[in-house]
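Notes for the one structure printed next.
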Amino acid sequence: MNNQAKLRWGILGAARVNERLLPAILEAPNTELIAIASRRPGAAAETLAKYAPCYPHIQAYDDLDVLLSNPDVQAVYLPMANHEHAEWALRAIAQRKHVLCEKPMALTVADIDAIETAARRYKVTVMEGFMYRFHPQHARVREILNSGLIGEIRSVRASFSFMMRPARMYRLAENVSHGGGAMWDIGCYAIHTLRMFFEQPPLAVTAMARYADSGADISTSGILDYGDGKFAQFDFSFERGRRCEYEIVGTQGGLKCHVVWQLPGDVPVISWWTEDGRQGEERLPAANHFNLEIEHFSDCVLNNKEPRLSFEDARENCQIIVAALESAATGQVVKI
């Protein structure tokens, strides 16, 4: 790659994630932010004033289609409401823009298939935005697992929760079929995390949930059955103290990643124990997974590489989520 090559970005929305995302585009060595757009009048300009006051060349639009029609924009980040992701990903692809789509990529497998078909037709790169996967701590976890320290993996647990602030109650405004609730917002992270440690898809899922009047889930817990006595447990909530961890238990011990979805200032910590009484804890250097995700995606586009997170990965995650929601609604075990 030419060291001067930069991917020119636009952002489709003035969502809160711009607090982390927009600076990541500004700071990456292989990117340039060209424009941001929002349908709320003045919101794009306000976002730039807050997070990029020293970059007067960046355009602010009150019309998303104006940004998509800008020929200088090569790639877009799509942080809109969950139920809008598929529609706007397809609209961006039709304008031959590469798309990094905030999770979830879509609410149905059929929509993910449509996005993949369009991406191949227009020859653009598309990836689902699970930024946490780019943090170096997970590579270190994999090194420990590959060493055989804890033996064969038998179970994995992922927990993600925090107390919902009044300003964020909009997350419960829509029912689960329209992308609202804890499952589509934070549960997709937990399920995605569990899948890192089993090579094959799960066979079935059982889930339980507590719902808001809107039909959005507030808290959900469940189990993925991987067969042969291997299980993965997920637990996430908008009404519990902050939890963002996973734990892996094998035949010879266990390992815990204490802070999976890193906030600024969080220290990456991995701890482990073994059946013979050994134990250890590692504190890793701080890293910004948003920055690493943006650099990775931009490198893939600029150098014609396949992104780390594939369409198949997005499909499997969506399939499990839909099955878990069905299980929670019906009280039945749902085969996958």
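The values are calculated or read from the model by the stated rules, or taken from the named source; none is laboratory data. In this text, all values refer to a predicted model and were calculated from it rather than measured experimentally. Cβ sites come from the backbone with ideal geometry, for glycine too, and all protein chains shown count toward neighbours. Ligands, DNA and RNA are stripped out before the accessible areas are found, and what is left, the full protein with its side chains, is counted by its heavy atoms. Shrake-Rupley method; radii C 1.70, N 1.55, O 1.52, S 1.80 Å.
Under the 0.36 nm per residue contour assumption, what length would be gained going from the current alpha-carbon distance of residue 178 and residue 283 to full extension?
Numbers: separation 105, 0.36 × 105 = 37.80 nm, distance 3.98 nm.
Gain on extension, residue 178 to residue 283, equals 33.8 nm.
Extension gain for residue 208-residue 96 works out to 36.2 nm (0.36 nm per residue, less the C-alpha to C-alpha distance).
Report the net charge of residues surrounding residue 134, where surrounding means a beta-carbon distance below 12 angstrom and charges are Lys +1, Arg +1, Asp -1, Glu -1. Surrounding charge for residue 134 is -1.
For region 56-110, which trypsin sites (Lys or Arg not before Pro) are both in a DSSP coil and crowded by at most 15 other Cβ atoms within 10 Å?
Numbers: sites: 91, 96, 97; in loops: 96, 97.
Passing sites in region 56-110 are 96.
Starting from the coordinates of the alpha-carbon atoms of the chain, obtain the Kirkwood hydrodynamic radius over all distinct pairs and give the value in Å to one decimal. Walk me through the intermediate numbers first.
Numbers: mean 1/r = 0.0481 Å⁻¹.
Radius from the Kirkwood sum: 20.8 Å.
If you average over every viewing direction, what projected area does the convex hull of the Cα atoms of region 204-263 give, in nm²?
Details: hull surface 22.3 nm².
Result: a mean projected hull area of 5.6 nm².
Please report the base-10 log of the normalised intensity I(q)/I(0) for region 256-336, using a Debye sum with one equal scatterer per alpha carbon and no solvent, at each q in 0.20, 0.23 (1/Å). The calculated log intensity ratios at q = 0.20, 0.23 Å⁻¹ are -0.95, -0.98. The longest part of the chain holding none of the exposed loop GluC sites (Glu not before Pro), meaning those outside H, G, I, E and B in DSSP with at most 16 other Cβ atoms within 10 Å, is 1-151. Note that region 86-91 has calculated 3J(HN,Hα) couplings of 5, 4, 7, 4, 5, 5 Hz, one per residue in order, obtained from phi through the Karplus relation 6.51 cos²θ - 1.76 cosθ + 1.60 (θ = phi - 60°); glycine and proline are x. In the chain, the portion of solvent-accessible area held by carbon and sulfur atoms comes to 49 percent [1.4 Å probe, whole percent, DNA, RNA and ligands not counted]. Run the paramagnetic zone check for residue 117: 7 angstrom along Cα to Cβ, then residues of region 81-96 with backbone nitrogen under 17 Å. Label zone hits: 86-95. Taking 0.36 nm per residue of sequence separation and removing the Cα-Cα distance, the residue 274/residue 40 pair yields an extension gain of 78.8 nm. Distance between the modelled labels on residue 168 and residue 263, one decimal in nanometres: 0.8 nm (7 Å Cα→Cβ projection).
Hey, could you get me the Stokes-Einstein D for region 150-284, Kirkwood radius over alpha-carbon pairs, 4 °C and 1.567 mPa s, rounded to whole µm² s⁻¹? Don't skip to the answer; put the middle values down first.
On the way: Rh = 15.9 Å.
Value of D from the Cα-based Kirkwood radius: 82 µm²/s.
In this structure region 89-154 gives 41 Å² per residue of accessible area when probed at 1.4 Å with all protein chains present.
Residues in region 207-275 average 42 Å² of solvent-accessible surface per residue, probe 1.4 Å, ligands and nucleic acids excluded. Between the Cα long axis of helix 311-330 and the first principal axis of the chain there is an angle of about 60°, rounded to the nearest 10.
Rounded, prolate or oblate: pick one for region 40-142, where a ≥ b ≥ c are the square roots of the eigenvalues of its C-alpha gyration tensor, a/c under 1.5 means rounded, and failing that, prolate if a/b is larger than b/c, else oblate. Before the final figure, lay out each step's value.
Details: a/c = 1.85, a/b = 1.20, b/c = 1.55.
Verdict is oblate for region 40-142.
Shown is the FRET efficiency for residue 330 and residue 19, computed with R0 = 41 Å from the Cβ-Cβ distance and rounded to the nearest 0.05: 0.60.
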